[in-house]
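Q: Sharing a structure below in structure tokens format, with a few things to ask.
The values are calculated or read from the model by the stated rules, or taken from the named source; none is laboratory data. Just so we're clear, the structure is a prediction, and the values are computed from it rather than from any experiment. Using ideal geometry, Cβ is built from the backbone for each residue, glycine included, and neighbour counts are taken over all protein chains shown. Remember, those area values only see protein heavy atoms, side chains included, never the ligands or the DNA or RNA. Shrake-Rupley method; radii C 1.70, N 1.55, O 1.52, S 1.80 Å.
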Amino acid sequence: MLNALVTYAAEEGATHNPLLPAWYDIIWSAVCFVIILFVFWRVALPKMKDLLDQRATAIEGNIAKADEAQRKAEAALEEYTAQLASARKEAGEIREAAREDGKKIVAEAKEAASTEAARLTATAHTQIEAERQTALVSLRSEVGTLALDLAGNVIGETLSDDVKAQSVVDRFLADLEASETAK
């Protein structure tokens, strides 16, 4: 069968060129092409152009919206950055104020403590001086009594004159204090 087809093609090829179609095929192909071109030119191309124009308009609108959104985002970012810087500055001021307040509180506490210490020291000095005076008076009277008893035992008499005995004891203690301060 293959041989028959090759033989038939060889016989027809001799009368007709396979690269050039017949004239009626060229004419009908040209008519169909013109009709398709006319339909495409009048119907499909305007619709395609309208579609592309709408799409371009939508894209341009979206680009404008995106640019506006970008500007708003940049403005919001600048505002946020400014607020953040302001908050950091305010936090720094608060920390500095807290440090100053802490220093003041410590200084006030030290001052109150030193005042209280001075008051306690003054009270202690006053109390010590009062006890010293009390001890001195008590000691004078006891030393006087002991001295009179001792003098009475040495002399063999009792010294009963209280005023005279008291003046002798006072003079003796004054001489003793004077000799102590001289040393």
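Q: Ordering 154, 34 by accessible area with a probe of 1.4 Å, largest first, what comes out?
A: From most accessible down to least: 154, 34.
Q: Give me the distance in nm between label points sitting 7 Å out from Cα along the Cα-to-Cβ direction at residue 153 and residue 75, one decimal.
A: 11.3 nm
Q: Between residue 183 and residue 99, what length comes free when the chain is fully extended (0.36 nm per residue of separation minus the Cα-Cα distance, one decimal in nm)?
A: 24.6 nm
Q: Could you tell me the accessible area of residue 59 in Å² (1.4 Å probe, neighbours in place), rounded to the nearest ten?
A: Solvent-accessible area, nearest 10 Å²: 90 Å².
Q: Largest first, how would 79, 129 line up by accessible area (1.4 Å probe)?
A: Reading off the accessible areas and sorting them downward yields 79, 129.
Q: Work out, step by step, the length gained on full extension between residue 109 and residue 3: first 0.36 nm times the residue separation, then minus their alpha carbon distance; give nm to one decimal.
A: Length gained, residue 109 through residue 3: 25.7 nm.
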